[in-house]
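Structure first, then comments.
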Amino acid sequence: MAEVVFDKVKKAYGPVTVIESFDLSIRDKEFMVLVGPSGCGKSTALRMIAGLEEVTDGEIRIGDRRVNELPPKDRDIAMVFQSYALYPHMTVKENLEFGLKIRKTPKAEMDKLVSEAANTLGITQLLDRKPKQLSGGQRQRVALGRAIVRKPAVFLFDEPLSNLDAKLRVQMRAEISKLQRNLQTTTVYVTHDQVEAMTMGHRIAIMKDGKLQQVGTPLEVYEQPQNLFVASFIGTPPMNFLSGTITDGGANLSTTGFKLPVPEALRGAASRKDGSKVVLGIRPENIREASGDQVGRRPQGPMVPIRVVIEFVEPLGHEVIIHGRIGDDLLVAKTEPHHAPQVGDELSLEIELAGLHVFDADTEMRLQAA
């Protein structure tokens, strides 16, 4: 078993606390992604697992072992860094062998492990080259190979794809995910890219200012964000947010531009907050042209008509992103590629009520069904 557990972990540098009361259980064989903006503490959390940062308070366990005081070499982990961290004077083969030599692995076993890793990653033909002779993608595969040969209990990835171009990032995302499925090794992956998080992780842990905001599957955090930060961070284009008020005894949500009925599931909770300020969250894919179908799917449930004035249009080929103003608010919506409205046009749209999210304006927490 290679479960990784943070138990009330704190990390401080003198008077500055960068991670506070961090609780997270990463299951055996799970691919867990730590995601959040720069400075949120995700890389620090990863480095504490690796033993590269000391734990100020609390406990980290790998399997059934407390590892707070263990040196990195005794934690049975392998880490892949953003910078690849390859030895420039060594060949690819020597880079792959280095950790095994430190462990005094017999030569026959070492040759077998290196050969297996090279075959798995398709770098057999590169074994005699040095890092400066490799492309970014090839260097990343070598860094992966150096982790694989050790057969660790836990893989740690610290933003490993951020130095690659967009096309190669997509390819490497698929390769790392496939590798983890085949090896069935517990994996903790750090990124600031929510697309990487959504496409790679079994579960996602979203962080902000050293605190855990939400943990769940990609679908859970997308469809049921617990607070405004998670709702704004997950999703491309980002969720629309409108200031509103619960009115009419909890029956409606009023904004400066229009009024929406409260979704049936939230009626009980809304009735107890009549007159309260809220923030309405609507994803672009839950807004469609009144005259056409939503991109790629049928709407679910009732639709509420609105009219917006187009301020900006982004034709992307497979879809069109439109930015329209209604009252004081700006709404972003997705439309079919065959119709790109012009700036200044007035356009009839419909909001899919089933996709509406409601957050308390003061606490920024999601309004839960009663």
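Some notes on this structure:
- Contacts under 8 angstrom Cβ, first residue in the stretch 327-348 being without any contact (Cβ under 8 Å) to a residue 40 or more places away in the chain and surrounded by fewer than 18 Cβ atoms within 10 Å (Cβ to Cβ), partner hydrophobic (A, V, I, L, M, F, W, C) and assigned to a loop (DSSP other than H, G, I, E, B), 6 or more apart: Pro337/Leu316
- Output for the stretch 162-200, where each listed residue is closer than 28 Å to Ala231 by Cβ, modelled with pLDDT of 90 or more and among the aliphatic types (A, V, I, L, M): Val170, Ala174, Ile176, Val188, Val190, Val195, Ala197, Met198, Met200
- Residue check, Met1 touching a residue at least 12 places away in the same chain (Cβ under 8 Å), under 29 Å from Gly99 (Cβ atoms) and not in a loop (DSSP other than H, G, I, E, B): no
- Residue satisfying condition, being in a loop (DSSP other than H, G, I, E, B) and more than 22 Å from Met200 (Cα to Cα), within set Leu113, Leu96, Leu86: Leu86
- Count of the stretch 30-63 residues, restricted to those that are in a helix (DSSP H, G or I) and within 21 Å of Thr199 (Cα to Cα), is 3.
- Highlighted here are the helices (runs of 4 or more DSSP H) found entirely within the stretch 124-236 that include at least 1 residues which are out of contact with any Lys or Arg (no Cβ under 6 Å at 6 or more places or on another chain), more than 30 Å from Val358 (Cα to Cα) and of a type in the set (Gly, Ala, Ser): 136-148, 166-183.
- Candidates Pro37, Pro72, filtered to the one that is surrounded by fewer than 16 Cβ atoms within 10 Å (Cβ to Cβ), in contact with a Gly (Cβ under 8 Å, 6 or more places away or on another chain) and in the same structural domain as Ala147 (by TED's automatic domain parsing): Pro72
- Just one of the listed residues (Ala50, Ala118, Ala45) is buried (at least 21 other Cβ atoms within 10 Å of the Cβ) and under 24 Å from Val215 (Cα atoms), and it is Ala45.
- Considering (1) in a loop (DSSP other than H, G, I, E, B); (2) at pLDDT 90 or above; (3) surrounded by 19 or more Cβ atoms within 10 Å (Cβ to Cβ), the lone condition that Gln294 does not fulfil carries the number (2).
- Restricting Ala50, Ala12 to residues that are in contact with a Ser or Thr (Cβ under 7 Å, 6 or more places away or on another chain), assigned by TED's automatic domain parsing to the domain that holds Phe81 and more than 21 Å from Pro218 (Cβ to Cβ) narrows the list to Ala12.
- Only residues that are touching a His at 6+ places or on another chain (Cβ under 9 Å) and over 22 Å from Thr256 (Cβ atoms) were counted in the stretch 325-357, giving 1.
- Flag if Glu59 is modelled with pLDDT of 95 or more and either surrounded by 20 or more Cβ atoms within 10 Å (Cβ to Cβ) or touching a helix residue (DSSP H, G or I) at 6+ places or on another chain (Cβ under 8 Å) (or both): no
- Residue in the stretch 18-26 that is of a type in the set (D, E, K, R) and farther than 16 Å from His192 by Cβ present: yes
The values are calculated or read from the model by the stated rules, or taken from the named source; none is laboratory data. Just so it is clear, the model here is predicted, and its values are computed rather than measured. Note that each Cβ is placed from the backbone with ideal geometry, even for glycine, and that neighbours are counted across all protein chains shown.
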